[in-house]
Amino acid sequence: MNAPLRTIPLILGDAEDFAECCGYQAWFLAEGWIHLHTAVDNMQRLAELWDLPLEIGQDAVQAVMADAFAPAPDVPTDYAQRLVRDWELADERDRWRWTGEAPPLAPELEPEQPRPYRTAQATADAFWWVVRQGDADHLDRWLANHPRDAAHLHKLWEAKCSRPTK
């Protein structure tokens, strides 16, 4: 019983089956389910279980894996950069980045006109509350704290006083 343990190779597939399994691992890799080193280790272990390094050679096993895990050859690695460059060359505002021309002058922007001041509805409501208190001194102090609203509040007061009472 002290004899070394001999493993019997699992002959479950050939090189074509191995390439198909590599394709599945490449799909798992593309989906982000596994990492590249995990996929390669899985395929190497499978090749050894199928005894492929002895049958077709380790270099052939590596070539099958390289074909499966290689990026798509028709999409250049700098595709996004070339696409942006083409867009910028087509746009007269950005062409200077690639051609060496002077950049276009920035358009003259008109200064933003400040919006006219408008009395807030809450200030008008507070004005009427102070008026209803009937304290002239308090009203004077309150109006002194709201100089920008005085003209509008005066119009409100005039409108209220000019209406006929019931």
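Structure values in brief
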quantity: Per residue value of the accessible surface for the stretch 16-72 (all protein chains in place, 1.4 Å probe), Å²; calculated: 62 Å²
quantity: Where GluC sites (Glu not before Pro) in DSSP loops with at most 15 other Cβ within 10 Å are excluded, longest remaining stretch of the chain; calculated: 1-91
quantity: Chain lengthening between ASP94 and GLN133 when straightened (0.36 nm per residue, less Cα-Cα); calculated: 7.5 nm
quantity: Check: the chain dipole with +1 on Lys, Arg Cβ and -1 on Asp, Glu Cβ, in debye; calculated: 2020 debye
quantity: Charge dipole of the chain about the Cα centre (unit charges at C-beta), most positive-ward option of TRP87, HIS35, PHE18; calculated: TRP87
quantity: Quotient of Cα Rg and 2.2 N^0.38 Å for the stretch 103-166, N being how many residues it contains; calculated: 1.81
quantity: Whole-percent carbon and sulfur share, accessible surface of the chain, 1.4 Å; calculated: 56 percent
quantity: Computed Rg/Rh of the chain, alpha carbon atoms with Kirkwood Rh; calculated: 1.62
quantity: Among PRO104, PRO71, PRO116, residue whose mean-square fluctuation peaks in a GNM of the chain (springs only between Cα atoms under 10 Å); calculated: PRO116
quantity: Selected from THR77, THR123, THR38 as most flexible by GNM, with the chain as the system and alpha-carbon contacts under 10 Å; calculated: THR123
quantity: Leading residue at positive end of dipole, the stretch 13-101 (Cβ point charges), from GLY57, LEU46, PRO71; calculated: PRO71
quantity: Label point distance in nm, ALA19-GLN62, each placed 7 Å from Cα along Cα→Cβ; calculated: 1.9 nm
quantity: Exposure rank, largest accessible area first [ILE34, ILE56; 1.4 Å]; calculated: ILE56, ILE34
quantity: Compactness index (Cα Rg / 2.2 N^0.38 Å), the stretch 28-119; calculated: 2.28
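The values are calculated or read from the model by the stated rules, or taken from the named source; none is laboratory data. None of the values given here were measured: they were computed from a predicted structure. Glycine gets a Cβ as well: all are built from the backbone with ideal geometry, and neighbour counts include every protein chain shown. Ligands, DNA and RNA are excluded from the accessible area calculation, which covers all protein heavy atoms including side chains. Shrake-Rupley method; radii C 1.70, N 1.55, O 1.52, S 1.80 Å.
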